[in-house]
Amino acid sequence: GPWTAAVVCSSVVVGAHPTLSVPSVKFSLSGKTSSFMATTTNAASRPYDIIVFGASGFTGQFVVEEVARTVADGPKGTLKWAIAGRSRQRLEKVLEQSAAKPELMSEVEIILADVCEMDSLVTMCKQGVIVLNCVGPYRFYGEPVVKACVENGAHYMDICGEPQFLEGMQLKYHSQAADNGVYVIGSCGFDSIPADMGVLFTRDHFKGTLTTVESFLTIRTGPEGGCIHDGTWQSAIYGFADSDKLRALRKKTGYKSMPVVGEKIKRRSTLFFSKEIEQYAVPFMGADHSVVKRTQHFLHTEYQESPVQYGAHVGVGGISSLVKLLFAGILFWFMVKFAFGRKMLIKFPEFFSFGVFSKVGPSRKQMDDSSFCFTFFGEGYTEGQDPTQGKPNARIRTQVKGPDAGYVATPIAMVQAAITLLNEPKSLPKTGGVYTPGAAFAKTTLVDRLNKRGFQFSVMTSPQA
C-alpha cells in the first residue's frame, strides 16, 4: 500500500530551494517596517519566543496564521515572534494576506535565512527561543537547521514524517543537544502528535497495565474530494527509495530491545478487512510507528514504565477504492525503484496519484470539508492481574478527531507543542536532547491544549473484561 500510505501520511513538508541570505527587517501587519538585527545568545534575552522558518511555503503560511491566533497564550500572556525564509517578497506577501484577517493583526518580524548559508541560520537561531522548521523535504534541508539550533541554544521543532531523518537526527545530535540544554522535537504535526499522544491518552485512561494498542486512521473529505501538496508526495518517493538506508541507520542506533509485556501484538496482513472500522485497511507507512516506538522506549528506560506494543493502520474504503489502490500502488512501487521513474513521479504528481497530490495543494473549501479520525483499540490487564499470566482481560477504545490533517490540524499541533514548551519547561524531560512528541510532552498539558484548539481526545469505551 505505498500509494495509500502516501495519500494519508500527512508528513507535511514545504519544498524550498534557498539561495538568499540578507539581514533581517521588521514588518508589521499594518505595513510598517524598520531595521533590526539581534545578536543575543542568552535565551532569557532573546527577542523572539517563536520563529517560523519556511513561513512562505505552502504549510508554513498556515503555521503563521496559527501562531498569530495564539499570541495571548505565550509566556505572561503575550508572544513575541518572527517569520523567516529566503525571500523577503514572499514573506511580506504572507503577512499581507494575514493582515486581511482582523484576528491576526500583530507586529511580526521578518528574518531572511537560507539553509545553504549556515551564517544566516546561526543569526536566526540566536534570536529565537524556539524555531519551528517548516522547510522540507527534511532529508535534504532539515539537518542544517537542527545543527544551527543545537549549536546556538534554540529549541527546534518540525512537522517531519520521514523516519530516516527523525532517527538520524537523534543518533547524531542527541548528546550535543543534551549538553546544550536544547530540545529537538520532530514530527510535531499530523505525523505524529495524534498517534503518539493518542497512545499515551489511551494508556492514561486504562485502569491497569495496557499492553497493546492498534490505531486505525480514517480520512473524511467533502464533495470536492481531498488534495495534498506535493511536498508530502516527494517525501514518500524518497522515503521508499531509501528504505535500505533506514534499516542500516537503525542498526547503528543500538537500541536494546524492550520487553514484550503480555501477549505479543497480532500481525496483520498487508491488506485486510478491518472489522474495527468496517472497511479495508493497510499498514500506515508514515512515521507514526517509528515515533511511538521511540516514545515507548524512552518512557521505559527513563521512567521504568511498562512499554506498550503498537500497530498503525489506515482505512482505504470499499472495493472500488481497493482496486484503485492496488493499481496505483503497484505502479508507484515499480517506478520509485528507478531514477527515471522517480523523476516522472515528481514531475507529474497529479497524474500518478489520481489527483490526490498536486503542486498547488488543496483549496480552502477542500480543507474546510476534510477531517481525520484516529481510533485506538487497546488491550491489557486489570489492576492486580499479572500480565505474565494468561490472556489480556480488559479492552479500551479511544479516539482522536480533528480538522483537515495537513493544513489545519498540523499547524495547531505544532504551535500548541511550542506553546507547551514555552509555558511548561519544568514538565519536560530533565535534560535537553532529541525527543519524540510523546517523550517530550508526556508529563505536560498538551492534550488539554489541543482539545481547546479543535482536537477531540475522548474515551469511547472504558476498560472492560
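The values are calculated or read from the model by the stated rules, or taken from the named source; none is laboratory data. Nothing here was measured: the structure is a model prediction, and the numbers come from that model. Here the Cβ positions follow ideal geometry from the backbone for every residue, glycine too, while neighbour counts run over all protein chains shown. In case anyone asks, the SASA skips ligands and DNA or RNA and just uses the protein heavy atoms, side chains included. Shrake-Rupley method; radii C 1.70, N 1.55, O 1.52, S 1.80 Å.
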Q: Using only Cα positions of the chain, each an equal point scatterer, no hydration layer, compute I(q)/I(0) via Debye at q = 0.08, 0.10, 0.13 Å⁻¹ and quote the log10 values to two decimals.
A: -0.44, -0.70, -1.20
Q) Relative to the Cα centre, what is the charge dipole magnitude of region 115-223, using +1 at the beta carbon of each Lys and Arg, -1 at the beta carbon of each Asp and Glu, and rounding to the nearest 20 debye? A) 260 debye
Q: Give the peptides 430-440, 156-166 in descending order of average Cβ contacts within 10 Å, highest first.
A: 156-166, 430-440
Q) So how tilted is helix 143-152 from the main axis of the chain? Cα-based, degrees 0 to 90, rounded to 10. A) 70 degrees
Q: Between I330 and M344, with labels modelled 7 Å along Cα→Cβ, what's the label distance in nm to one decimal, could you check?
A: 1.6 nm
Q: May I ask for the distance between the Cα centers of region 179-196 and region 396-426, given as a whole number of Å?
A: 11 Å
(Q) Using only Cα atoms and rounding to the nearest 10 degrees, what angle (0 to 90) does helix 288-303 make with the longest principal axis of the chain? (A) 90 degrees
Q | Cross-link pairs K293/K359; K251/K275; K126/K347; K293/K443; K275/K401; K245/K347 - those with Cα-Cα distance over 29 Å | A | K293/K359; K251/K275; K126/K347
Q: First compute the accessible area of the chain with a 1.4 Å probe, then give the percent of it belonging to carbon and sulfur atoms.
A: 52 percent
Q | the chain - share of DSSP beta bridges that are antiparallel (%, nearest 5) | A | 55 percent
(Q) Taking the solvent-accessible surface of protein heavy atoms with a 1.4 Å probe, what is the per residue accessible area of the chain in Å²? (A) 42 Å²
Q.
How tilted is helix 88-99 with respect to the longest principal axis of the chain? Cα atoms for both, answer in degrees (0 to 90, nearest 10).
A. 70 degrees
Q) What dipole magnitude, in Debye to the nearest 20, does the chain give about its Cα centre under +1 on Lys/Arg Cβ and -1 on Asp/Glu Cβ? A) 600 debye
